[in-house]
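The values are calculated or read from the model by the stated rules, or taken from the named source; none is laboratory data. On a predicted model such as this, the values are computed, not experimentally measured, just so you know. Note that we place each Cβ from the backbone using ideal geometry, even for glycine, and neighbour counts take in every protein chain shown. The area values use the complete protein model at the heavy-atom level, side chains included, leaving out ligands, DNA and RNA. Shrake-Rupley method; radii C 1.70, N 1.55, O 1.52, S 1.80 Å.
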Amino acid sequence: MSYPFQKIEKKWQAFWEKNKFYQAKDFDKKPKKYILIEFPYPSGDGLHVGHVRSYSALDAVSRKKRMEGFNVLYPIGWDAFGLPTENYAIKKGIHPSIVTKRNIAIFKKQLKSLGLSFDWSREINTTDPEYYKWTQWIFLQFFKHGLAYQAEMPINWCPSCKIGLANEEVIDDKCERCGAGTEKRKIKQWLLRITKYADRLLKDLDTVDYLEKIKIQQQNWIGKSEGATIKFPILMTSDVINIEIFTTRVDTIFGVTAIVIAPDHPLVDKLSVKDRDEVKKYIGIAAKKSDIERTEAEKEKTGIFTGSYCLNPANGEKIPIWVGDYVVAAYGGGAVMMVPAHDKRDYQFAKKYNLEIKEVVSGGNIDSEAYVDYGVLINSGRFNGLKSEEAIKKIIEWLEKKDSGKMTIQYKMRDWIFSRQHYWGEPIPIIHCEKCGTVPVPEKDLPVKLPFVKKYEPSKTGESPLAAITEWVNTKCPKCGGPAKRETDTMPNWAGSSWYFLRYIDPKNKKSFADFKKLQYWTPVDLYNGGMEHTTLHLLYSRFWHKFLYDIKLVPTPEPYAARRSHGMVLAEDGRKMSKSFGNVINPDEIVKNFGADTLRMYEMFMGPFDQMISWNTQGVVGLFRFLNRIWQLKEKIKIGKKISYPAEPETLLHKSIKKISEDLDDMKFNTAVSQLMILANNLEAREKLPISVYETFLKLLAPLSPHIAEELWQQLGHKKSIHLEKWPEYNSRLIKEEQFDLVIQINGKFRDKISVSQGITKEEATELSASQEKTQNWLKDKKVIKTIFVPGKLINFVTDDTSFET
RNA sequence: GCCCGGGUGGCGGAAUGGUAGACGCACAGGACUCAAAAUCCUGCGAUCGCAAGGUCAUGAGAGUUCGACUCUCUCCUCGGGCACCA
């Protein structure tokens, strides 16, 4: 017979909800903790066991923090705009708003069956006009501060979704959402000027506690590099035009044997081209390819000579100008100087097209391969003999004086393309007037509600489906009152998620997105957990929005999240991703039904290190179910123990466990916390009598990870108050130290024996005692001890003169 | 090609310079049962040995150290990311 998990889980879930003690109190006297988990996208597939993993983990942290006396905010909501819903709606012929509503209802029911301590009173939904009103409002602030702008520019175009994609949304040459190959297309797009914040987004990483790998990834994404912009004047009869290139290796400038510009570089048209048709053909082919296709590493680099030349400002040499599709227009001005001797890619290119390879940094053998490291300059005129580092400084100074170059900082990060030609998103609150131009919708007219229409398929023209709703599009200009048209693009789903954590703080506010005093109380978020896949998109975007809001004095902190951790994905039993098409999806409802929410949660905490990817194992679930059943049986021991008085046992293991579990929960090492609970439970089980105080402490340690059974057993003891309102146990550091410990005896670093000795043993005592042991004497026979290493509280190691027999 | 993570029993993993394999799963033997399930007890890296015990073993190889799963280098391999970033 298993314990009645179904009954008790429902009972306590209802009890907790009725008594509202997971509701966070604004301005409470207790110190605050804001614990945040990425809110789910309510897809039609329902809750994934991966959701359960991170939500349970952060729930355990939240529950422990409450028990430690904090006023905890652990909220939840729905990130519901976006393509999956729209695609599903199109396929099934159901309006996205209805699909969303239905999916949320399913998710909510599933989440509630897990007994997570979310503050449901603060639930938010990005598709709620009361919510997206403020998303639009923030966009208007960006617009008013010149950080939102429109530009006609090449974008990634997905021919299947019929939508423009940000670079960030193109994965392996393919559309992130539908998997179709992308191509290039020019469309007028809204962009957010995230590059203006590049330096601060980079620098302020020093002020936050993120996992190191998250910081590294953000740093690499922002990609600051210091170098120089150099002007190469084009040799033409008429006016002086320069090609500006960016390089981090000015020290190799005397080795330049060509300049390569991107096919879409604006100067291409101005060059006097030798064989215009041929060049045009090359450019035409290049234009069709996506960035990733063009710049693919394995692919052979191609290019074509234009027929024009320019001058190397360093030595006055005549340099041919080429067009190469591996040069990206959006980075570093879309032109590079080619130094075959000292760049692998250039070397390859030069070999292919028979360009000169001119060595200017010594140290390698350029006959066989490019030498890319720093070295000493040669063939570089007055700079010969200088080391690369020094030469870079000197050459830039020199070029600066000649007005041929200057120090430049480049970032890899580009501005954020913010337009989507889709229905299921926040309308961009802009009105286009022929007379007044681009006019923001007055704030009093917000929200610009998404009109409810029957047809929401993307139009084949690439325009948003909203463009077809003439009665919505045609409006009056707020400035001049004349006829005008609404912007029909919508926002990407990153918009609503860029600031949602601020809305939890004041979810019902009608006057502002959140009251400043409340923001002062709750921000920054103390702990934010999410997937690694959001490190460079969502995490960076929301930091950007927050910094902007900070600059216009609407939020009190420069950074939104004080700490960021990440969880690993949960894969299927076969090691693949869970997917309907593989038929390997685990439905959390089934586990809850058969074993209970506590078992599911405990299993997911125990299955492996939280930050690593892991495969599901249904067999493993049983182990945790057994464990909870054994805990259920433990109470039988209490009845016996109560009647008899007994001497207090030294509670070393209990106190060690309190310490270990407390630290593990803080460090998000949930698997070893559960393991320690098992060790402690085994110990309690093995006892003749179980003191009630020890049992109660055990239940408290169990409570964050397995809240229902802990509550039930707690209240069975006659307590009227919830265990989740109890104080978290503290350990007594005196009780952790055992008087005796096992001293390990090593001979030449190998374990040979151990003896039980008292804590304060000195090196002399330990040496004498160990040496007198029979085993030790056998091992040391005929050998001379030349060194003795003593590590207090741990071991003693005898090093002998002859180790040949040992190794 | 570059960047970031991994690689430890049959399996998930533990141990961040000091007894490798905690804890759990699977498996085997036993108890209980008419029987099965559940539960409980015992064993469980490989190898030699009757045993005591020894030897080998943390992807491979080298190095540092009294001592290396842990630190350093080279390589292999799996996973993830990428925008050839000049």
Distance histogram for region A:361-494 (every C-alpha pair counted, 10 angstrom bins, percent rounded to whole numbers)
10, 24, 17, 7, 10, 19, 12, 1
Let me check against my output: what whole-number percent is the relative contact order of region A:728-807, with C-alpha pairs under 8 Å and at least 6 apart?
32
Please work out the FRET efficiency for the pair A:ALA686 and A:LYS10, using the Cβ-Cβ distance as r and a Förster radius of 22 Å; give the result to the nearest 0.05.
0.10
Starting with the highest mean, order A:54-62, A:410-418 by the number of other Cβ atoms within 10 Å, averaged over the residues of each peptide.
A:54-62, A:410-418
Sequence gap at least 6, Cα distance under 8 Å: using those rules, report the relative contact order of chain A to the nearest whole percent.
14
With the contact rule set at Cα under 8 Å and sequence spacing of 6 or more, what percent relative contact order holds for region A:1-87?
40
Report the full-extension gain for the segment A:ARG102 to A:SER733: residue separation times 0.36 nm, less the Cα-Cα distance, to one decimal in nm.
221.9 nm
In this structure, the FRET efficiency calculated for A:LYS92 and A:PHE582 from their beta-carbon separation, with R0 = 30 Å, to the nearest 0.05, is 0.85
Can you tell which of A:ALA495, A:SER113, A:SER758 lies farthest toward the positive end of the dipole of chain A, using +1 and -1 charges on the Cβ of basic and acidic side chains (Lys, Arg; Asp, Glu)?
A:SER113
Alpha-carbon Rg/Rh ratio, for chain A, with Rh computed the Kirkwood way:
1.06
Distance histogram for region A:560-621 (every C-alpha pair counted, 5 angstrom bins, percent rounded to whole numbers)
4, 16, 23, 24, 17, 8, 5, 2, 0
As a test, work out the antiparallel percent of DSSP beta bridges whose residues both lie in chain A, rounded to the nearest 5.
75
Amide H partners (placed H, <5 Å) of A:GLY405, local residues excluded
A:LYS231, A:GLU400
Cα long-axis angle, helix A:652-666 against chain A (0 to 90 degrees, to the nearest 10):
20
Within region A:431-541: Cβ-based charge dipole about Cα centre, in debye rounded to nearest 20 (Lys, Arg +1; Asp, Glu -1):
500
Please work out the Cα center distance from region A:83-118 to region A:649-678, rounded to the nearest Å.
38
Carbon/sulfur fraction of accessible area - chain A, other protein chains in place, 1.4 Å, %:
52
Evaluated at 25 °C and 0.890 mPa s, the Stokes-Einstein D of region A:25-137 based on the Kirkwood radius over Cα pairs, in µm²/s, stands at 159
Please work out, to two decimal places, the log10 of the ratio I(q)/I(0) at q = 0.10, 0.12 Å⁻¹ from a Debye calculation in which every Cα of region A:595-717 carries one identical scatterer.
-0.31, -0.44
Averaged per residue, the 1.4 Å probe accessible area of region A:397-520, protein heavy atoms only, in Å², is roughly 49
Pick out, from A:THR475, A:PHE70, A:ILE638, the residue whose Cα sits farthest towards the positive end of the charge dipole of chain A, with +1 on the Cβ of Lys and Arg and -1 on the Cβ of Asp and Glu.
A:THR475
Could you give the length gained on full extension between A:PHE452 and A:GLN23, defined as 0.36 nm per residue of separation minus the Cα-Cα distance, in nm?
151.0 nm
Of A:LYS444/A:LYS476; A:LYS280/A:LYS318; A:LYS32/A:LYS518; A:LYS754/A:LYS787; A:LYS10/A:LYS593, pairs whose Cα-Cα distance is over 22 Å:
A:LYS280/A:LYS318
Starting with the highest mean, order A:543-550, A:303-310, A:719-726 by the number of other Cβ atoms within 10 Å, averaged over the residues of each peptide.
A:543-550, A:303-310, A:719-726
Sorted by packing (mean other beta-carbon atoms within 10 Å per residue), highest first, where do A:569-580, A:653-664 land?
A:653-664, A:569-580
Largest-first semi-axes in Å of the equivalent ellipsoid built from the Cα gyration tensor of region A:245-285 are 26, 11, 9
Longest principal axis of chain A (C-alpha) makes with the long axis of helix A:670-686 (C-alpha) an angle, in degrees to the nearest 10, of 10
proj_area_mean for region A:443-539 (convex hull on C-alpha atoms), units nm², value 9.7
Angle check, please: helix A:49-67 long axis (alpha carbons) against the longest principal axis of chain A (alpha carbons), in degrees 0 to 90, nearest 10.
60
With a bin width of 10 angstrom, please list the P(r) values of region A:679-807 as percents of all Cα-Cα pairs, from the 0 bin to the one holding the largest distance.
10, 29, 17, 15, 16, 10, 3, 0
Using the alpha carbons of region A:464-516, what is the convex hull volume per residue in cubic angstrom, as a whole number?
131
Positive minus negative residues near A:THR776 (Lys, Arg vs Asp, Glu; Cβ under 13 Å):
+3
